[in-house]
1. Sort 167-176, 292-301 by packing, meaning the average of other beta carbons within 10 Å per residue, with the highest value first.
2. Which label belongs to the value computed from this structure, given these candidates for Cα Rg over 2.2 N^0.38 Å: (1) 1.46; (2) 1.21; (3) 1.10?
3. Residue by residue through the range 251-259, which ³J(HN,Hα) values in whole Hz follow from phi under the Karplus form 6.51 cos²θ - 1.76 cosθ + 1.60 (θ = phi - 60°), with glycine and proline marked x?
4. Hand me the GluC sites (Glu not before Pro) from the range 424-501 located in a DSSP loop with no more than 12 other Cβ atoms within 10 Å, in residue order please.
5. Between the range 82-155 and the range 355-401, what's the alpha-carbon centroid distance in Å?
6. Per DSSP helix of 4 or more residues, -39500 (n - 2.57); summed, then divided by the residues of the chain. What does that give at 222 nm, rounded to the nearest 500?
7. Given a cut-off of under 8 Å on Cα pairs at least six residues apart, what relative contact order in percent is computed for the range 22-111?
8. Skipping prolines and chain starts, which residues have an amide H placed within reach, meaning under 5 Å, of the one on Phe371, given they are 5 or more residues away or on another chain?
Amino acid sequence: MLKMLKKFNWKEWLMLFISVVLIAFQVWLDLKLPDYMSNITRLIETSGNSMGEILKQGGYMLLCALGSLISAIIVGYITSKLSASFSYDLRKKIFKKVSDFGMEEVKKFETSSLITRTTNDVTQLEMFVAMGLQMLIKSPIMAFWAVSKILNKSLEWSLITGSGVVILLVTVGVLMIIVFPRFEKVQKLIDKVNNVIRENLMGIRVIRAFNAEKFEQNRFEDVNNNLTNMQLFNQKCFAILNPIMNLVMNFLILGIYLIGANLINGAGMIDKINLFSNMVVFSSYGMQVIAAFLMLAMIFMILPRAQVSAKRINELLDSDIKVKDGHLVNINPKEIGTVEFKNVSFKYPDADEYLIKNISFKVNKGETIAFIGSTGSGKSTLINLVPRFYDVTQGEILVDGINVKDYKKEELNNRIGYVPQKAVMFTGTVKSNVGYGDNGKGSISFKRIKESIEVAQAKEFVENMENTYDSHIARGGTNISGGQKQRLAIARAIARNPEIYIFDDSFSALDYKTDATLRKNLKKYTKDATTMIVAQRIGTIISADKIVVLDKGECVGIGTHKELMKNCEIYREIALSQVTKEELENA
């Protein structure tokens, strides 16, 4: 928790310092009230005092109460602003950190957990800063000051007050031991609930198609019941605290007055007045001491969960990013548009076997290289190493003659137009989705967006939409078809005008006619760019300058279509399984 508070900036530390000063002032004013009350008691019980003197002491009490109120309002405002500012900065840091994550880190934390850490965990810390810090500062100041005020008043009263404090501390300590370990489980269960809900919403069509609503409902109920039961246990434990607090406070008041009555009964007249005055003061200070420890108990209700949340956020912020950013930026390499693999091998983190084994090839500017192979042969994994979604385990990948690890990520990405296997659409319009990202060259013009949509064979369906290029696109592109999403994703890559195009099985949702027309126009439009294509269809890659055939992560053939038909048995089997021998010979 202390590590989290160190993330305060200087303005937040200044606000915290002002809060401490005002809280100390507020406590001083609160503890002055019993003194004035004692003075009023003496003035009333001794003769020769005017009403003016009594009202004067009452006026001081009103001023103290008013000053305490104003201080409390200012502290409340400052801590609210402090907590809001702190949570704003924290969410910003978390978002920036997560944005730098590679695929390995995302899989390690899981999306549902990252969402919980950014929302629920930050809220727990915000609540602690807004409420807990006030009590954390106020309670020790009040307890110390109040104890110092009553220390020399009476041994008997001090002992009974100390007994009440011990009972409270033991109660809080036992509750902390029981409840604290369960708060971490609560946050993990919230992750699970979040995960089940996300999966349910994302797979709603499959769930309905297979009549699995009951199964999913039972699955949700399991995790929801676990979370509810854990929360109920925690709340039941903390529910014990309130009656014990009230019991201690009431017995303390009763004890003070019983002891006071006994002392007054055996004292002389003058001593009786002093003892009665001291008893009134002591009961007030005793309540202040108990109130201080009551606030500490409230902190112990907020602190454990905040502590767990702080630990989870620190775990996220302190996590080591495996794909490190390079140092090269604004470079002018000797080669343009080249991609070279040198003895590249790769295995996923914690995996035992290599998925890619000793792959070497080079593609030059203006050339098209394609990758084909059976399912699970490593095609997508291979092509995803170029934009550094993962780093190679062995060997190296060169873009424009420079190792991709040496590039600043932004610099490397500015050279690449990437179309993923599963087209991703963002909430917005057709125009905003195609013009997404500026490739380091400023915003993409509307003219270029229209050209890109036309090349990607998306012009017809876009212009038939109600608002054409300003038509709404739902999150994930749920209001358009799979083929339409793929064409818009291809248009997005074209609009960037990069040196290197990467198409990761990006033509699979297109019919043969659209596929052929798109590739024909794309070849003209991108004649000066390097193109890397992963595909399952022979027709998609048949005209490529080089075709790499993969089998179980190994390169079993590389060459043109005609060369591979003669020399590569696996390629020939794939080709003949899709088209006839006569069609291949005429290709």
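1. Result, highest mean first: 292-301, 167-176.
2. Read-out from the structure maps to (1).
3. 5, 5, 4, 4, x, 4, 6, 5, 5
4. Qualifying residues, ordered by number: Glu466.
5. Their Cα centres are 45 Å away from one another.
6. -20500 deg cm²/dmol
7. So the answer I get is 35 percent.
8. Here the answer is Ile533, Val534, Ala535, Val548, since their amide H atoms fall under 5 Å of that of Phe371.
Since every read-out is calculated from the coordinates, none of them should be taken as a lab result. Keep in mind that what you see is a predicted model, and the values were worked out from it rather than measured. Methodologically, a virtual Cβ is constructed for each residue, glycine included, from the backbone with ideal geometry; neighbour enumeration extends over all protein chains shown.
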